[in-house]
Amino acid sequence: MQSENTTEDLNTYRPIIGMEIHVQLKTKTKMFCSSPNNPDETKPNTNICEVCTSQPGTLPVINKEALRLGVMLGMALHCEIPEYSKFDRKHYFYPDLPKGYQITQLDQPMAKNGYIDIEVNGKIKRVRINRAHLEEDAGKNMHPEGLPYSLVDYNRAGTPLVEIVTEPDLESAEEAKAFLHQLRDIVRYIGAGSADMEKGTMRLEPNISVRKPGESTLPKYKVEVKNINSFKFAEQAINYEIARHIEELKEGKIPKQVTMGWNEKFNKTVEQRSKEEANDYRYFPEPDLPILHFSKEFLEGVRDSIPELPEAKRKRFSEEYALPIADVDALIDWKELNEFFEEVVSELQDWCENEDKTKDVKVLIKAAANWCLQDFAALLKTAHVDPLESKVTAQNLSQLVRLIDQGKISGSAAKQVLVEMFAKGGEPSRIVEDLGLAQVSDESAIADAIAKVIAANEKAVADFKAGQEKSFGFLVGMAMKELKGKGNPQVVNDLLRKKLAE
Ligand code: MN
């Protein structure tokens, strides 16, 4: 499926990027024991037991929920799920790995040959997934400042991971970023994990090389980058490496095959170890676990429970709601917010069908999208609140949108109402009343105010009649002042123009 090289591609330096991503699964317990799996636990060595700290005589037991989530993730990545797969031991020696080996999958992973379609600059590109396999995580070594020794926290030891390995189909940091966003969204949509790079529940290691002009085969070297814990750093690290490789290739050198680490303090990659001293993991089949056999019924059950995926939702949002692409993308990127938005939309549709048939529902939907993505999103982010758990209900937000549309409150008054609703909850019409924010649309009240303003500002009126348009703005301002800022601007404008023309 890799795209054909054009002549232009062959005449330039061309980055080739593959990814290895580890996603932590959101299960109650660990991969092979009943210790809690809680990435937010801050007290070291509390979520541990004999199994995940590898005491003599203990045996692993497979977590069925981890299998289910792993298989579902594999399916969402369009992978084949083989009928049989198995676990293997991967040996290495490090204090955070108590058994001296990691239980992972080597030659029979639970998912293979999938893909993710990404969109960059309006073009769809298919990124192939080589495999996705299940494994357990290691603990964490800590090096507290000022202590002459290190400490180990085993809370993370034995937590379930899916490792996803792509083919080297990505060609720029931009594509890599789009891919990671899409993968993160998929993991979140199916509820397999939080896929939060800052928290380490999604970790990635890009491998990067650059093809020289004229070269048609893959380069003979590959540089891996570790320690990347945000989308921003992923982009920066990849761009940094691409530039570094091109520079060396231009000098006639071939970049060394090494593992680099991203140093966020200095915005550069730093060599960690070279590949020549690659580990010998002495893999062999895990003798303490059975071979996995997925029945047809199990696989069908998992497939049937996959919810709508980001790709499909993006397509549906653009078709159904006639929103600009930027709005659709922003909504798709935040699953809970787009669920809330859809509830608001269904309230608005209901209203347009049953209450006021003169309204254009598309206009209201666009307004709802703006409120969700701007003011509401900002409040949620500042307070770290989930949209579905906020005090603002979808019904209330839809009412707010309607109040503005009906000219009952101004946009700026609506902002105040939302802040109040967010803090205390309640119906917007009630808050409008309590805060005295209702807009005056009543023509006779506005006509009275305008009559006063015209009588008191003879010069401005004369200037306007002599052709000075800016005097009109002044008179509108005076009328609004007279109405204590609550006049409906449209009505004030129209009436004032009418009066001045008399
Ligand atoms: Mn791994």
Quiz prompt | Helix axis angle, 335-354 relative to the chain longest principal axis, alpha carbon, degrees | solution = 40
Quiz item: Once the Cα atoms of helix 361-371 and of the chain are each reduced to a long axis, what angle between those two axes, in degrees from 0 to 90 to the nearest 10, is obtained?
Solution: 70
Quiz item: Non-local amide H neighbours of K268 (under 5 Å, H modeled in plane, Pro and chain starts lacking H): which ones?
Solution: N263
Exercise. Specify which residue in the list P255, P307, F341 is farthest towards the positive end of the charge dipole of the chain, using unit charges on the beta carbon of Lys, Arg (+1) and Asp, Glu (-1), about the Cα centre.
Key: P255
Exercise. Quick one: what are the phi-derived ³J(HN,Hα) couplings along segment 355-360, Karplus 6.51/-1.76/1.60 with θ = phi - 60°, whole Hz, x for glycine and proline?
Key: 10, 9, 7, 7, 7, 8
Self-check item: Point-to-point label distance, I325-K212, nm (Cα→Cβ direction, 7 Å offset)
Solution: 3.7
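Using the Cα centre of the chain as the reference point, and only Cβ charges (+1 on K/R, -1 on D/E), how large is the resulting charge dipole? Debye, rounded to the nearest 20. Don't skip to the answer; put the middle values down first.
Details: 67 positive and 81 negative charges, 172 e Å.
So the magnitude is around 820 debye.
Using a probe radius of 1.4 Å on heavy atoms only, what accessible surface per residue do you get for the chain? Whole Å² is fine.
Working: 25900 Å² over 502 residues.
So the chain comes to 52 Å² accessible per residue, rounded to a whole number.
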Quiz item: Dipole of segment 6-103 (Lys/Arg Cβ +1, Asp/Glu Cβ -1, origin at the Cα centre): which of T46, L25, P82 lies farthest to the positive side?
Solution: T46
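Pulled fully out, how much extra length does the chain show between A423 and N354, if you take 0.36 nm times their separation in residues and subtract their Cα-Cα distance? Could you put the intermediate results ahead of the total?
Working: separation 69, 0.36 × 69 = 24.84 nm, distance 3.10 nm.
Result: 21.7 nm gained on full extension.
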Practice problem: Amide H neighbours of V152 under 5 Å, at least 5 residues apart or on other chains, H built in the peptide plane: list them. | Solution: M142
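Using a 1.4 Å probe over the heavy atoms of the protein chains, calculate the carbon and sulfur portion of the accessible area of the chain as a whole percent.
Working: 12930 of 25900 Å².
Within the chain, the accessible surface is 50 percent carbon and sulfur.
Please report, in debye to the nearest 20, how large the charge dipole of segment 7-303 is about its Cα centre when each Lys and Arg carries +1 at its beta carbon and each Asp and Glu carries -1 there.
Values: 41 positive and 45 negative charges, 8 e Å.
Around 40 debye, computed over segment 7-303.
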Exercise. Hey, can you grab everything whose amide H is under 5 Å from the amide H of M260? Only 5+ residues off in sequence or another chain; H modelled, so Pro and N-termini drop out.
Key: E224, V225, K226, Q272
Exercise. Take a quick pass over segment 346-472 and tell me how many lysine pairs come in under 28 angstrom between Cα atoms, counting only ones 8 or more apart or on separate chains.
Key: 28
Quiz item: Can you work out ³J(HN,Hα) from phi for every residue in segment 408-413, in order, using Karplus 6.51 cos²θ - 1.76 cosθ + 1.60 and θ = phi - 60°, giving whole Hz and x for Gly and Pro?
Solution: 7, 9, 7, x, 6, 5
Exercise. Only Lys, Arg, Asp and Glu count, each charged at its Cβ (+1, +1, -1, -1), so figure out the dipole size of segment 338-420 about its Cα centre, rounded to 20 debye.
Key: 380
Practice problem: With everything on Cα atoms, drop me the angle between helix 394-405 and the longest principal axis of the chain, reported from 0 to 90° to the nearest 10. | Solution: 40
Exercise. Give the cross-link partners of K253 among the aspartates and glutamates, using a straight C-alpha distance below 16 Å as the criterion and excluding same-chain residues fewer than 8 apart.
Key: E215, E241
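The values are calculated or read from the model by the stated rules, or taken from the named source; none is laboratory data. Because the structure is predicted, anything quoted here is derived from the model rather than measured. With ideal geometry, Cβ positions are generated from the backbone for all residues, glycine too; neighbour counts draw on all protein chains shown. These area figures cover heavy atoms from the full protein model, side chains too; ligands, DNA and RNA do not enter into them. Shrake-Rupley method; radii C 1.70, N 1.55, O 1.52, S 1.80 Å.
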